[in-house]
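Chemist: Sharing a structure with you now.
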Amino acid sequence: MLDFWGKHMIPCPFKLLTGHDCPGCGMQRALIELLKGDIKSSFLHYPALIPIIIMFGFLFLHLKFNFKHGAQILKYLFILNAIMISVNYLYKLFF
Amino acid sequence: MDTNNKNLNQRGFSEENEQSDELIPSPSIQSKQQSSFQAPVTSQSAGYTGNSSNTSDTSNQQYNNNKQQSHRQNQFIVSSPNSGAILTLGILSLVMLCCCGPFLVGPVLGIIAIALAPSAIRKYYENPDIYKPGSLSNIKAGRTCAIIGISIGVILFMFWLLGSGLNFFDNIDQFEKIYKEAWDEMGY
């Protein structure tokens, strides 16, 4: 199943159109590596995937159970994710 | 009853809505009906707070009670303050930057979140008693997330233009070629 997905990944329309990477390129490869259990290679493919998954899990838990400081924690997780995505994209663009 | 209400107010949930009745613009007939409706609900919640061992259950119960009250009190005002939607959209404004249609879908979702926020805050302040106290922080966090997401999207788009996007016009010819080939294959 994972091998089939690795051969038939969803193509990025931005990359098809312009020929350059978009800020999310690498996420699918990282997700496949993560599902295979290889966390290090997943981090190397796309570092922001694991914090994004944690943030979404925490978002659903927060919407369900209403933690006391859940909104603040989500905000800081969001800032961390924003920094990771932008640094990753700028690194991919210029190096 | 009074002691129970004080405890509720300390915890952040206020149950008795006599102040909010003054704030809500409703005819007097409705308010009389409300007072008759409120009595069983408050008695239920008071019975619930008697055994306050499980706080999450009581808060959920109180939220359900508040929802029922809001439905009964003001049938013309929307009961949900859109807080969860604003938080989710604000977070998706960053994450959709990485998925389908980058630099386009994410900022649009962020703009929707920012546009929903002021009305939600106004509705919360019109009658803060019937909404969850966490919803205001949810709205504000979602709004800041949307602002950060939009600004990150714009900054990354500028950097993309600076870095390699200026070659976009070279690639347009290639794209046109592919497009024409596909168009010819379809037989037009």
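We did not get these values from a lab; they are worked out from the coordinates using the rules stated. Note that the structure is a prediction, hence the values are computed from the model and not measured. Methodologically, a virtual Cβ is constructed for each residue, glycine included, from the backbone with ideal geometry; neighbour enumeration extends over all protein chains shown.
Chemist: Once phi is turned into ³J(HN,Hα) by the Karplus curve 6.51 cos²θ - 1.76 cosθ + 1.60 with θ = phi - 60°, what whole-Hz value does each residue of region B:128-135 show in order, with x for glycine and proline?
Modeler: For region B:128-135, the Karplus-derived couplings read x, 6, 8, 9, 5, x, x, 5 Hz, x marking Gly and Pro.
Chemist: Continuing with this model, one more query. Within 10 Å, count the other beta carbons around each residue, average over each peptide in B:93-99, A:28-34, A:3-9, A:86-92, and list them highest first.
Modeler: Sorting B:93-99, A:28-34, A:3-9, A:86-92 by mean packing, highest first, produces B:93-99, A:28-34, A:86-92, A:3-9.
Chemist: Residue A:65 to residue A:3: extension gain in nm, 0.36 nm per residue of separation minus the Cα-Cα distance?
Modeler: Working it through step by step, the gained length comes to 18.6 nm.
Chemist: Using per-residue counts of other Cβ atoms within 10 Å, averaged over each peptide, order A:20-27, B:121-128, A:74-81, B:152-159 from highest down.
Modeler: Averaged packing, sorted descending, gives the order A:20-27, A:74-81, B:152-159, B:121-128.
Chemist: Still on this structure, I have one more. For helix A:70-94, report the angle its Cα long axis makes with the longest principal axis of the Cα atoms of chain A; keep it between 0 and 90° and round to the nearest 10°.
Modeler: 20
Chemist: Rounded if a/c is under 1.5, else prolate if a/b is larger than b/c, else oblate: which is region B:83-185, with a ≥ b ≥ c the root eigenvalues of its Cα gyration tensor?
Modeler: prolate
Chemist: Ratio of chain A's C-alpha Rg to 2.2 N^0.38 Å, to two decimals?
Modeler: 1.23
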